[in-house]
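Okay, structure first, notes after.
The values are calculated or read from the model by the stated rules, or taken from the named source; none is laboratory data. Just so we're clear, the structure is a prediction, and the values are computed from it rather than from any experiment. Cβ atoms come from the backbone with ideal geometry, glycine included; neighbour counts cover every protein chain shown.
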Amino acid sequence: MGERVNKFLMVIPPNVSLEMMVGSKKQFATKLRKEIPMGAVSIATYIKKFYGEWQYQIIDFNIILDKEKDRKEFCKNTKQILLDNLKKYYSKDDEDVLIGISAIFNATFPYINIISRVCREIWHDAFIYAGGFVPSNLYKETFESAPFLQAINYGEGELPILKYMQASEKEEFLRESESWITREKLQQDFEPKHDFLHDLDEIPTLDYSLVEFEKYSGHVHAQTMRRVISAPLMFSRGCPFNCCFCASHSIHGKKVRYNSLDRIIEDIKAAKEKYKVNTLVVWDDNFFVDMNRAYALLDYCEQLDIKFEFANSFPVYRMDENLIMRLKRAGVEVASLAIESGCQRVLNEVMHKGHVKLEMVRKAIELLHKHGFYVKGMFVIGLPGETKAELEETVEFIKTAGLNWVDVFSASPIAGSELYEICKKNNYLDADGAEKYDFYTSCIRTEEFTPEEIEKIQLETVLFTDYVNNWDMKNENYQTAYINFEYVMKSNPDNPFAFYFAGECAGKMGDIEGENALKRTAAELVHRSVKWDELIKMFGIQL
Ligand code: B12
Ligand code: SF4
């Protein structure tokens, strides 16, 4: 027998449900995205600081199931494929083995059961536990569905996992801990509490060597650059706002905790030097809560030859010319605005986003265009309390706001959000099972609207605004428009609108052959699908 090995394994399930994994059931179906799982990397980086001699593995099924062929096979043979892949990490010399399942998206819910079951088959004595948004907020349901899961950690995992590893009496520790949930504790009406690291600098610079860095693609805004090496970074945790559809506080809390500026600079340098990153993607929930820090960082970034993307939308209420100019100088090219609704009453009373005023939004878009930004707008429709007339107001706003690109999401009841509670309480949920609430499929039915109506509004608004009436095409920025359509063609190759309008752009740029080829593909796609055929005809497009 060889030397005994202690293993710290983290498993990331596919972030989309089996149903959505192949083909495109929906026009904007979510496919697997290759984004570095920062939560798991952060936990492993932190634990490694104390247990350097352990072996660390982050097993990310979003990377393993890279190709359409792999995903098809996975849908047919899920358990066996999980088993075959996880078995690779087994050795007869394994001593202590900790297996943490990271489930941050609703769609991962059913995988917690299968993965914990398979892991138990492979490692009879391992400690198998889960964490992330799904088990933290749906712990009763998770335990019910996953009999081999031993414990769930509520909220952020770094400190609780360290404490578990340091405890000499593990069972007793799990019984006493306020953030660890077990089946036994739930019998006694136990309510878990967060156990935060208050100083984020205690987590070392994220160790991306724990994942296959080069396999992740991770940048969010495809509009202005083609060749990108990007890394995700997060400089703060927590958000003080109360948007009804958001669950972030259920993990990270409402009080904002920060990394020090020195530390942020260190992280940026490491990303640039070690991983040759030319684009940093900032994932903070709300980077702009403390403006002094935000300005200091933007000013530092001015000297760097690096682009920045803010993935989580800019807060509109902060947008003035000073900030816009500083963002520009710091290397930001795309401004994505969290507008959410085009109806002020919905913003104020339904979403609890009264600090966003629609007149500010229009002004911000104008200023951003003036300084040459690519401006995106994010909207959510279909919330309980929204009337049909208000939905129309939002649609009208979206169509006339002058945005380069819009994303319109169906409200999705994420466990941990106020929206989830409202939907549960009023029986507004049209589908059963957390994995069904995926932002692409509407599942809220109120006295005012049906899920089908919301999906129809969503689809038609997006098709009109992003394609038929595309802002860049109207302004003869054909190259910019083309890059975006190209991105859609790659990520959703069933969408004939992307091919048709890419063809239009190619033609305008003098590539007639390209135009014909793209339009031929559009025609083939339409020919294959009654739904696309109807939509193309609805907008009067001749193919
Ligand atoms: C980055 C990000 C993404 C990235 C992917 C991230 C990834 N691969 O991990 C991308 C761009 C793919 C993404 C997409 C989407 N996202 Co997103 N995303 C985020 C964001 C902003 C940050 C996540 C993150 O890395 N946080 C930093 C790390 C440190 O925190 P963490 O991941 O939560 O991990 C901590 C804890 O959860 C816990 N933990 C995590 N894993 C484990 C495991 C164990 C064993 C333990 C004990 C603890 C533990 O400890 C970690 C460290 O403290 C969060 C919001 C947020 N503030 O967290 C939303 C969030 C996760 N996203 C959300 C949503 C809704 C989406 C989309 C549906 C949006 C959309 N409309 O398209 C899509 C769907 C994704 C898909 N199906 O592929 C929701 C998730 C809700 C849900 N339950 O489904 C969130 C919470 C935002 C919100 N509005 O509330 N997202
Ligand atoms: S959506 Fe953004 S601003 Fe609103 S509460 Fe969530 S993290 Fe904060």
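Residue by residue, here is whether (1) modelled with pLDDT of 95 or more; (2) among the small types (Gly, Ala, Ser); (3) farther than 15 Å from residue 59 by Cα holds:
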| residue | (1), (2), (3) |
| --- | --- |
| 84 | yes, no, no |
| 91 | yes, yes, yes |
| 96 | yes, no, yes |
| 132 | yes, yes, yes |
| 143 | yes, no, yes |
* **Residue match in segment 313-331 (condition: at pLDDT 90 or above and among the β-branched types (Val, Ile, Thr))** => yes
* To do: Test each condition in (1) more than 16 Å from ligand 2 (Cβ to nearest atom); (2) among the hydroxyl-bearing types (Ser, Thr, Tyr); (3) touching a residue at least 60 places away in the same chain (Cβ under 8 Å) for residue 336 and report the one that comes out false.
  => (1)
* Structure fact -> Within segment 7-36, of all residues that are modelled with pLDDT under 80 and basic (Lys, Arg), the one surrounded by the fewest Cβ atoms within 10 Å (Cβ to Cβ) is 25
* **Residue among 263, 257 that alone is away from ligand 2 (no atom under 16 Å from the Cβ), assigned by TED's automatic domain parsing to the domain that holds residue 286 and either in contact (Cβ under 8 Å) with a residue 60 or more places away in the chain or within 30 Å of residue 422 (Cβ to Cβ) (or both)** => 263
* **Conditions (1) touching a strand residue (DSSP E or B) at 6+ places or on another chain (Cβ under 6 Å); (2) in contact (Cβ under 8 Å) with a residue 60 or more places away in the chain; (3) β-branched (Val, Ile, Thr): number failed by residue 408** => (2)
* **Filtered residue count, segment 400-419, keeping only those that are outside any strand (DSSP E or B) and more than 20 Å from residue 373 (Cβ to Cβ)** => 9
* Residue check for residue 537: surrounded by fewer than 15 Cβ atoms within 10 Å (Cβ to Cβ) and assigned to a helix (DSSP H, G or I) -> yes
* Asked: Which residues, taken from segment 227-254, are closer than 25 Å to residue 155 by Cβ, of a type in the set (Lys, Arg) and either more than 11 Å from ligand 2 (Cβ to nearest atom) or in contact with a Cys (Cβ under 7 Å, 6 or more places away or on another chain) (or both)?
  -> 254
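What about residue 357, is it more than 12 Å from ligand 2 (Cβ to nearest atom), surrounded by fewer than 17 Cβ atoms within 10 Å (Cβ to Cβ), touching a residue at least 12 places away in the same chain (Cβ under 8 Å) and not acidic (Asp, Glu)?
Here the answer is yes, as residue 357 does meet what is asked.
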* Do the conditions hold for residue 118, that is, is it modelled with pLDDT of 95 or more, more than 13 Å from ligand 1 (Cβ to nearest atom) and touching a Leu at 6+ places or on another chain (Cβ under 6 Å)? -> yes
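Considering only residues that are touching a residue at least 24 places away in the same chain (Cβ under 8 Å) and in contact with a helix residue (DSSP H, G or I) (Cβ under 7 Å, 6 or more places away or on another chain), look in segment 339-353 and name the one that is nearest to residue 403 (Cα to Cα).
Step by step, filter segment 339-353, then rank; the result is 339.
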* At least 2 residues that are basic (Lys, Arg) and in contact (Cβ under 8 Å) with a residue 12 or more places away in the chain in each: list the helices (runs of 4 or more DSSP H) lying fully within segment 68-162 that qualify. => 68-76, 78-87, 109-122
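So that you can scan it fast, the table gives a plain yes or no per residue for (1) under 23 Å from the mean Cα position of the chain (by Cα); (2) in the same structural domain as residue 413 (by TED's automatic domain parsing); (3) part of a helix (DSSP H, G or I):
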position: 448; (1), (2), (3): no, yes, no
position: 455; (1), (2), (3): yes, yes, yes
position: 463; (1), (2), (3): yes, yes, yes
position: 480; (1), (2), (3): no, no, yes
position: 489; (1), (2), (3): yes, no, yes
* Structure fact -> The correct count of residues that are in contact with a strand residue (DSSP E or B) (Cβ under 9 Å, 6 or more places away or on another chain) and within 16 Å of ligand 2 (Cβ to nearest atom) in segment 133-174 is 3
* Restrict the check to segment 80-87 and report whether at least one residue is buried (at least 21 other Cβ atoms within 10 Å of the Cβ) and either in contact with a Pro (Cβ under 6 Å, 6 or more places away or on another chain) or within 18 Å of residue 250 (Cα to Cα) (or both). => no
* Give segment 493-533 a look and list any residue that's aliphatic (A, V, I, L, M), under 17 Å from residue 472 (Cβ atoms) and either free of Cβ contacts under 8 Å to residues at least 24 places away in the same chain or part of a helix (DSSP H, G or I) (or both), or say none. => 498, 502, 506, 518
* To do: Sort through 44, 40, 130 and tell me the only one that's hydrophobic (A, V, I, L, M, F, W, C) and more than 26 Å from residue 267 (Cβ to Cβ).
  => 130
* Out of curiosity, is residue 322 over 22 Å from residue 413 (Cα atoms), polar (S, T, N, Q) and assigned to a helix (DSSP H, G or I)? -> yes
* Asked: Does segment 497-506 contain any residue that is more than 17 Å from residue 405 (Cα to Cα) and hydrophobic (A, V, I, L, M, F, W, C)?
  -> yes
